[in-house]
Amino acid sequence: MNILSAEFLLRIVHEAIPDVYFEFGASVPAADLAVHVLDYLHKKLEEMCLVQGGEEEAYLMVLYMYVGSLLPYIEGLDSWLFDGILDDP
């Protein structure tokens, strides 16, 4: 099975989202969801960093997802710290 298959990506995304999010009528604060997703992706990167032998593509895929998830927060901090603009919708 190709590690970068659709099943692999679906598993990563599904595991990153807390189970309570899928329960009927459940309400998950956005901050809690963001923390859970970023924490999961960070832990997954640490696990995959130790794996050797042809799985560097999978590591890069999870790294791309992690950086993409962090980007809005980094951009917000950048505009706040360097431009003095705090845009918190």
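If you take the residues of the stretch 20-47 that are surrounded by 10 or more Cβ atoms within 10 Å (Cβ to Cβ) and at pLDDT below 85, which of them is nearest to residue 73 (Cα to Cα)?
The initial filter retains those residues of the stretch 20-47 that are surrounded by 10 or more Cβ atoms within 10 Å (Cβ to Cβ), namely 20-23, 26, 28, 32-45, 47.
Remaining after also requiring at pLDDT below 85: 20-23, 26, 28.
Numbers: 20: 24, 21: 22, 22: 25, 23: 27, 26: 25, 28: 19 Å.
Top of the filtered list is 28.
For the stretch 48-72, which positions are modelled with pLDDT under 90 and hydroxyl-bearing (Ser, Thr, Tyr)?
Correct list: 59 only.
Can you tell me which residue within the stretch 8-19, out of those that are surrounded by 11 or more Cβ atoms within 10 Å (Cβ to Cβ) and more than 14 Å from residue 62 (Cβ to Cβ), is farthest from the chain's Cα centre (by Cα)?
18
Residues that are farther than 18 Å from residue 68 by Cβ and of a type in the set (Gly, Ala, Ser): does the stretch 9-24 have at least one?
Here is the first cut: in the stretch 9-24, the ones farther than 18 Å from residue 68 by Cβ are 18-24.
Imposing the further condition that a residue be of a type in the set (Gly, Ala, Ser) reduces the set to none.
Looking through the stretch 9-24, none of the residues is farther than 18 Å from residue 68 by Cβ and of a type in the set (Gly, Ala, Ser).
Filter the helices (runs of 4 or more DSSP H) completely within the stretch 1-87 down to those with at least 3 residues that are among the small types (Gly, Ala, Ser) and in contact (Cβ under 8 Å) with a residue 12 or more places away in the chain.
Details: elements: 6-16, 30-49, 56-83.
Answer list for the stretch 1-87: 56-83.
The values are calculated or read from the model by the stated rules, or taken from the named source; none is laboratory data. Because the structure is a prediction, the values reported are computed rather than measured. Cβ: placed from backbone, ideal geometry, glycine included. Neighbour counts: every protein chain shown.
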